[in-house]
Amino acid sequence: MKTDDLIRAISADTLRQPQLRTMLVLGMLPSLVIAAVALWLVLGFRADITTALVTPISLARIILTGVLGIFATRLALLMARPEGGQLARLWPLAAVAAAAFGLVLWAYVATPAEARQMAVVGKTMTKCLVTIPLLSVLPVATLLYVLRQGATTAPMRAGFVAGLAGSGFAAAIYALHCTEDSPLFYVTWYGLAIMGVTLVSTFIGARSLRW
Amino acid sequence: MAEQGDAWEQLLMAANAGDARAYGRFLQAVTPVLRGIVRAKGGSLGEAGCEDVLQEVLFAIHLKRHTWEAGSPVRPWLYSITRYKVVDAFRARGRKIDMPIDDFADVLAADAGPDPTDAADMEKMIGMLDGRSATIIRKIGLEGISVAETGAALTMSEGAVRVALHRALKTLAILRERHVK
């Protein structure tokens, strides 16, 4: 078949394709709602949630992880475009990490020396390290699916931002249950859970986002 | 050059809104440029080989056209797809090439030549489709018959022909890649 003939056949196919942005919104909203409802049904929200939501140091973890989720989702949407890999700037993610690090430094200074170790270890780190990855499954899978419908030219980086986005949101949702309010705890263990999910998603991305 | 670029944006925007004629003009306009890029990089494949790679790029553009965001420039989008698919095609043929995207602007557009090279792979691939899909591709592509007339000839509705054509093109794109690899 000559190229001109192929062009004729291709241009006759005007079936509309869904926009990535639409697909992302339609996929992510239900994923996050389902994750939140699942958490509420299985573990429940913390009893003092209304107080916690107006306590700055407790609220900070929701804001921090939520902002991470939003930044990384925007990056994922950009990376779904072929030229996105060249346009994507990762510094907003570094800014979130820097803010988290700053919070840890502050908490380290503010916590009496003898209480620090207890603050880091907390009482619920296993639950945290299990629940956040579980809550991440659906959002990360949704993002990877949208990226697959797209045309990323940087599969590994796309998997990386998808992992950060999904697990960031998952951590924000988990914070509605978790009562450990010290940054020494949550930056450490939420951070570790997020890193674990992101690592897995990076590998999945590198393998499955080629086209 | 800049003027031509503006026109590409308008054509692709109309194409993504469902305008088949604008889409055809867009593909006609970008093809010589892409052919130039492929030939500049893949001279060793010969003209027919380059034409095959070019067709793979056109398939990719087609199947991923919804990833272009209206309002953003077409060239970076187009060249990113081209580079990705050309590197892919060369890898599949056991070659490695280095393609800095900045070089693309210097490449001269190339015509297919007085006797456009028949891309050899394509005919084989169409033969691997089911009969009806192959007929649709041949009628619309080779004979230049409209979707509506193809539907009438095959006693199918226009919508059904569109869906079948879309599926057939998708299958062809997959078949080609699998075949080379």
query: Are any residues in the range A:8-35 touching a Phe, Trp or Tyr at 6+ places or on another chain (Cβ under 9 Å) and either more than 20 Å from A:Ala141 (Cβ to Cβ) or more than 14 Å from chain B (Cβ to nearest Cβ) (or both), and if so, which ones?
result: A:Ile10, A:Ser11, A:Ala12, A:Asp13, A:Thr14, A:Gly27, A:Met28, A:Ser31, A:Leu32, A:Ala35
- prompt: Does A:Ala47 fit the bill of being farther than 30 Å from B:Arg21 by Cα, in a helix (DSSP H, G or I) and open to solvent by 20 Å² or more (accessible area, probe 1.4 Å)?
  reply: no
query: Can you tell me which of A:Ala172, A:Ala165, A:Ala151 is open to solvent by less than 20 Å² (accessible area, probe 1.4 Å) and within 14 Å of another protein chain (Cβ to nearest Cβ)?
result: A:Ala151
field: Selected residue (criterion: least open to solvent (accessible area, probe 1.4 Å)) from residues of the range A:50-89 that are more than 14 Å from chain B (Cβ to nearest Cβ) and part of a loop (DSSP other than H, G, I, E, B)
entry: A:Thr55
task: All but one of (1) within 29 Å of B:Glu69 (Cα to Cα); (2) surrounded by 24 or more Cβ atoms within 10 Å (Cβ to Cβ) hold for A:Pro183, so report the exception by its number.
output: (1)
statement: Turns out the helices (runs of 4 or more DSSP H) fully within the range A:93-200 with at least 3 residues that are among the hydrophobic types (A, V, I, L, M, F, W, C) and closer than 14 Å to A:Leu64 by Cα are A:155-174
query: Which of the residues belonging to the range A:33-44 are open to solvent by 80 Å² or more (accessible area, probe 1.4 Å) and closer than 26 Å to A:Ala97 by Cα?
result: A:Val33
message: With the requirement that a residue be more than 10 Å from chain A (Cβ to nearest Cβ) and among the hydroxyl-bearing types (Ser, Thr, Tyr), what does the range B:30-59 give you?
response: B:Ser44
query: Right, A:Leu29: modelled with pLDDT of 90 or more, in a helix (DSSP H, G or I) and open to solvent by less than 50 Å² (accessible area, probe 1.4 Å) or not?
result: no
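The values are calculated or read from the model by the stated rules, or taken from the named source; none is laboratory data. Worth saying up front: this structure is predicted, and the values here are computed from it rather than measured. Cβ: placed from backbone, ideal geometry, glycine included. Neighbour counts: every protein chain shown. Protein only, heavy atoms only, side chains kept; ligands, DNA and RNA dropped before computing areas. Shrake-Rupley method; radii C 1.70, N 1.55, O 1.52, S 1.80 Å.
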